[in-house]
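Each value in this text was obtained by applying a stated rule to the coordinates, not by laboratory testing. Here the structure is a predicted model, which is why all the values come from computation and not from measurement. Please note: Cβ atoms are built from the backbone with ideal geometry, for glycine as well, and neighbour counts cover all protein chains shown.
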Amino acid sequence: MKIISVVGARPNFMKVAPFCRALKAYPDVQHILVHTGQHYDVRMSEQFFKELDIPNPDINLEIGSGSHAEQVGRTMIEFEKVLRAEKPDWVVVLGDVNATCACSITAKKEHIKCAHIEAGLRSRDMDMPEEINRLVTDRLSDLLFTPDRLSNANLKAEGVEDEKIKFVGNIMIDTLERQREKAAALDINKVVRENLIDEWGGRGVPALKERGYVAMTMHRPSNVDQREPLEPAMRFFLDEVTKEYPSVWAIHPRAQKMLKEFGLWDEVVANDNMILVKPLGYHAMLRLNMGARLFMTDSGGLQEECCVLGTPCLTMRWNTERPITLMENGGASILVGNAVEKMREAYRSQINAERHAMRPELWDGKTAERIAKVLVEA
Ligand code: UD1
C-alpha cells in the first residue's frame, strides 16, 4: 500500500509526527511525506521536524505565502503532478489549513481515496478560512478520523455515512504525551532568554516563577488584521495584565507584521513586563504552558493543550470548533472574543483559579496507532 500524507503549516507538524511513527509498524506500507511549503521559516517549520523526529519531507511543493486562492491554487497545481507520478492508494490530510483543503480536492479529482485526520470539528463561523477548509475536506473524504464524539455528531448531522466516521481521539495529544517529560525538564527563564526577539536588545528580563506569569499568542486574521480588535486587546495586555504579572507573548509573523503596520509595535516592545519571544518550538511552548498562571490565545491547538495540562485559558474568539475544551464541558477554556470587557471579566475570574486538567475520551496518546490500523485494513 502507498500512502501520501500532506503537511503545510505549523499546526500540521505536531499531528503528523505520531502518524509517521505509527506507520513504521507496517513495513508493507510505502509512506511519502509531502510538505506544501506554506510555512517555510525555520521557526515555523524546520525546527518542529527536528524536535519531533519527523522524517524530512520526501517532496516540498514550495508554495510559500500568498492569498488563499494563490496558496490553494498553487498547491493543487503542484500536488496534482505528485499524484500523477506517484499514484498512491490513499492521501492523508490533517487539520484545517489550506494544504488540507487543496490536497483533498486534488486527490478526489484524481480518483484517489482521501482520509482526514481531525475531522468533524465545526465552529459554524464561515468567516474563518479554516471552517471552509474543514467543510470541504470532510465532504470529500472517504475516511473521517474524529477527535471526539461531538465531531461524530456534527458529521452525522451533515449526512456523512456511519461507515466513514472513525472516532479515534486527538492525535495532537499523542505528541504532547511523548514530549511532556522533555518539556518539563526545561528551565523557563532560559527558554525565554534564548528566544527573545532581537528588538529586546540587552535589556534584562523579569525572572519568571512557576504560576507567576501569563502566556499569550494571537495570530488569527479576525484578531490581528484590523486595528479595531488588535489595539484594544493590546491595550488590555499592556495597561492591565502586565501591571500584575510579567507576560510572555510568542509573536506570530502575521501579528508582528500587523502591529508594525498600525504603528503599535514600538509601544509593545518598550514595555519591560511584556516579554516578546519569537515563535517557539514545541518543547519551549509546552514548557511555557506548563508553568503559566493563565493562557490567553486564539489558537485551537493551545486550547486543547491547556485542557490536558489544566492551564486556565481565555480563548480570544467568539466561537470554537473545539467545544470539548470549554469549561462548561469540563475543560479549561472560556470564550472571550475580542471585547475587552469580556476579557477583563474572565481574566479576573480565572487569574487565581486552580489548575484543572481534563482528559477527554481517547485523548490517551494512542490515536495514531488506531488511525494506522484502520487505514491499512481499509
Ligand atoms: C496558517 C493557517 C492557520 C494556522 C496558522 C498557524 C490557513 C488557512 N491558516 O495561518 O489555520 O492556525 O497557520 O500558524 O492555512 N509568514 C512568515 N513565515 C512563514 C509563514 C508565513 O513570515 O514561514 C508570514 C507571511 O507574511 C504570511 C503570514 O505570515 O503572509 C501569514 O501566513 P499564512 O501561511 O498565510 O497564514 P497563517 O496566519 O500562518
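Before moving on, here are some points about what is shown:
- Residue-by-residue Karplus 3J(HN,Hα) for region 55-66, coefficients 6.51, -1.76, 1.60, Hz, glycine and proline x: x, 4, x, 6, 9, 10, 7, 6, 7, x, 7, x
- For the chain, the longest site-free run once GluC sites (Glu not before Pro) in DSSP loop states with at most 13 other Cβ atoms within 10 Å are removed: 211-353
- The GNM of the chain, with springs linking C-alpha atoms under 10 angstrom apart, assigns the highest mean-square fluctuation among ALA183, ALA99, ALA368 to ALA183.
- For region 1-154: span of alpha carbons on each principal axis (Å, largest first): 37, 33, 32
- Cysteines (scope the chain) whose Cβ has no counterpart Cys Cβ under 4.7 Å: CYS20, CYS101, CYS103, CYS114, CYS307
- Backbone geometry of region 140-151 corresponds, through the Karplus equation with coefficients 6.51, -1.76 and 1.60 at θ = phi - 60°, to 3J(HN,Hα) couplings of 8, 6, 8, 10, 10, 8, 9, x, 7, 6, 5, 5 Hz, x marking Gly and Pro.
- Contact order normalised by residue count of region 155-258, Cα under 8 Å, 6+ apart, percent: 27 percent
- Amide hydrogen neighbours beyond the local backbone of THR146, cut-off 5 Å, H modeled: ALA119, LYS166, PHE167, VAL168, GLY169
- Relative compactness, the chain, computed as alpha-carbon Rg over 2.2 N^0.38 Å: 0.96
- Net length gained if the chain between ALA357 and GLU86 were fully extended (0.36 nm per residue, minus Cα distance): 93.2 nm
- Computed over the Cα atoms of region 231-357, the ratio of the radius of gyration to the Kirkwood radius (Rg/Rh) comes to 0.94.
- Here the Karplus relation 6.51 cos²θ - 1.76 cosθ + 1.60, evaluated at θ = phi - 60°, turns the backbone of region 208-219 into coupling constants of 9, 10, 4, 6, x, 9, 9, 10, 9, 8, 7, 8 Hz, with x for every Gly and Pro.
- Rg of the Cα atoms in region 172-284, relative to 2.2 N^0.38 Å, amounts to 1.10.
- Label-point separation, GLN226 to ILE197 (7 Å along Cα→Cβ), nm: 2.3 nm
- Tensor-based shape of region 290-355 (alpha-carbon gyration tensor, a/c under 1.5 rounded, otherwise prolate or oblate): oblate
- Footprinting exposure proxy for TYR347, TYR26 (fewest neighbouring C-beta atoms within 10 Å first): TYR26, TYR347
- The alpha-carbon of LYS278 sits under 14 angstrom from the alpha-carbons of these aspartates and glutamates, leaving out residues fewer than 8 places away in its chain: ASP41, GLU194, ASP198, GLU199.
- Between helix 171-184 and the chain there is an angle of about 40 degrees, using the helix long axis and the longest principal axis of the Cα atoms.
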